[in-house]
Amino acid sequence: MTGGSRGIGRGIVWELAREGAKVAFVYRSNTEAANQLVKDLELDQREVMAIQADVADPESANTVVESVLEAWEQIDILVNNAGIIRDGLLATMDHDQWQDVIDTNLGSVYRFSHAVTRPMMSQRHGRIINISSVASHFGNPGQANYAASKGGIEGMTRCLATELGRRGITVNAVAPGFIETDMTEAIRNMAEAEIVKKVSCRRLGRPEDIAHATVFLASDEASYITGHVLVVDGGLTLGGL
C-alpha cells in the first residue's frame with residue numbers, strides 16, 4: 001500500500017496485518033515512523049515490509065511492485081492511499097501547487113494500479129482499494145487541486161472496475177470525512193467544534209474507522225462489490241459542509 005507510515009495509512013497497515021496479510025507499505029520521508037511501525041508489527045508476530053519511495057516518481061511503482069513480487073511472489077491487495085494537500089485559492093495557486101497534488105494523489109493511483117494489474121490478471125484475483133475523500137463531493141474553497149485529484153480517483157475506480165471485473169479483480173474506493181490525522185490538524189485546530197456539529201455521529205473519524213472499511217473491501221465477503229465509493233464520514237455529507 002502507498003502512504004502507509006502515518007495517519008489513515010498506518011491504521012490500514014495495522015488492520016490488514018492483524019487479519020493475517022503480509023503487508024508492504026510505501027513511505028516517502030518519515031523513516032522514523034516507518035521503522036517504528038515495522039518494529040511494532042514484528043513484535044506482534046506480523047510480516048511487514050517498509051519501502052521508501054516517492055509515489056510521484058514515474059518509476060517508483062514498477063520498482064516497488066517488483067520488490068514485493070520478488071519477496072512474496074504475488075500481490076493480492078493494493079491500497080492506494082498516498083496523498084498530500086497544497087491548499088490555496090485558484091487565483092493564486094501556482095503550477096507546482098497544482099501539479100504536486102495531481103501527481104501524488106491521482107498519478108500514483110494510475111501508476112501503482114497499472115503496475116499490479118498484470119500480476120493480478122494472471123492470478124485471476126485481486127483487490128484494489130483507492131482512498132478518496134468527501135472533499136471530491138463539495139466545492140471547498142482553496143481545494144481545487146485536492147478535489148480534482150480525489151474526483152479523478154473516483155472516476156478511475158469505476159472505469160477500472162468495469163475493465164477488471166471479468167478477471168476476478170474488484171476495484172473500489174473509500175471516501176473518508178474528517179479524520180483525526182496530521183493532515184487535518186490545522187483545520188481541526190481552527191474549527192473542530194463546528195465540524196463535529198455537522199457530523200451525525202458527533203465525533204471526528206479515527207484512522208481505524210477507515211481501516212475497517214478498507215479491510216472489508218479487501219476481504220472475500222466483498223467479492224461482489226466493485227466500482228463502489230464507500231463514504232465513511234459519520235454522516236457529515238448528510239447535511240452538507
Check your understanding: Any idea what angle helix 207-218 forms with the longest principal axis of the chain, computed on alpha-carbon atoms, 0 to 90 degrees, nearest 10?
Key -> 40 degrees
**Study point:** Residue-normalised accessible area of the chain, given per residue in Å² at a 1.4 Å probe
**Key:** 50 Å²
Review point. Toward the positive end of the charge dipole of the stretch 1-59, about the Cα centre and with charges on Cβ (Lys, Arg +1; Asp, Glu -1), which of 9, 52, 27 goes farthest?
Key: 9
Practice item. Would you mind checking the tilt of helix 108-123 against the longest principal axis of the Cα atoms of the chain, expressed as 0 to 90 degrees and rounded to 10? Key: 30 degrees
Study note, to complete from the structure: Distance in nm between residue 208 and residue 193 label points, each 7 Å along Cα→Cβ, equals 2.8 nm
Study note, to complete from the structure: Karplus ³J(HN,Hα) for the stretch 126-137 (6.51 cos²θ - 1.76 cosθ + 1.60, θ = phi - 60°; Hz, whole; x = Gly/Pro) runs x, 10, 10, 10, 9, 8, 9, 5, 5, 4, 6, 9
Practice item. Determine the share of the stretch 104-241's accessible area contributed by carbon and sulfur atoms, expressed in whole percent, with a 1.4 angstrom probe. Key: 54 percent
Check your understanding: On a 0 to 90 degree scale, rounded to 10, what angle separates helix 144-164 from the longest Cα axis of the chain?
Key -> 40 degrees
Revision key, fill the gap. In debye to the nearest 20, the charge dipole size for the stretch 1-100, taken about the Cα centre with +1 at each Lys and Arg Cβ and -1 at each Asp and Glu Cβ, equals 320 debye
Revision key, fill the gap. Here the relative contact order (percent) of the chain, from C-alpha pairs under 8 Å and at least 6 apart, is 20 percent
Point to revise | Counted charge near residue 235, where neighbours are those whose Cβ lies closer than 14 Å (Asp, Glu -1; Lys, Arg +1) | key: +2
Review point. About the Cα centre of the stretch 32-91, what is the dipole size in debye to 20, counting +1 per Lys and Arg Cβ and -1 per Asp and Glu Cβ, all else neutral?
Key: 240 debye
Exercise for review: Quick one: accessible surface of residue 225, probe radius 1.4 Å, all protein chains present, in square angstrom to the nearest 10.
Suggested key: 50 Å²
Review point. Leaving out ligands, DNA and RNA, what percent of the accessible area of the stretch 8-63 is carbon and sulfur, probe 1.4 Å?
Key: 41 percent
Review point. So who's got an amide H within less than 5 Å of the one on residue 174, skipping anything under 5 residues away but keeping other chains? H placed 1.01 Å off N, in plane.
Key: 130, 131, 132, 230
Practice item. Taking the Cα centre of the chain as origin, work out the dipole magnitude from +1 charges on Lys and Arg Cβ and -1 charges on Asp and Glu Cβ, in debye rounded to 20. Key: 680 debye
**Study point:** Spatially proximal aspartates and glutamates relative to residue 39 (Cα-Cα < 19 Å; intrachain offsets below 8 disregarded)
**Key:** 15, 19, 47
**Study point:** Stretch gain in nm, segment residue 223-residue 138, where the contour uses 0.36 nm per residue and the Cα spacing is subtracted
**Key:** 27.6 nm
Exercise for review: Take the alpha carbon atoms of the stretch 36-68, find their center, do the same for the stretch 115-132, and report the distance between the two centers in whole angstrom.
Suggested key: 17 Å
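The values are calculated or read from the model by the stated rules, or taken from the named source; none is laboratory data. Nothing here was measured: the structure is a model prediction, and the numbers come from that model. Cβ atoms come from the backbone with ideal geometry, glycine included; neighbour counts cover every protein chain shown. For accessibility, only protein heavy atoms count, side chains too; no ligands or nucleic acids. Shrake-Rupley method; radii C 1.70, N 1.55, O 1.52, S 1.80 Å.
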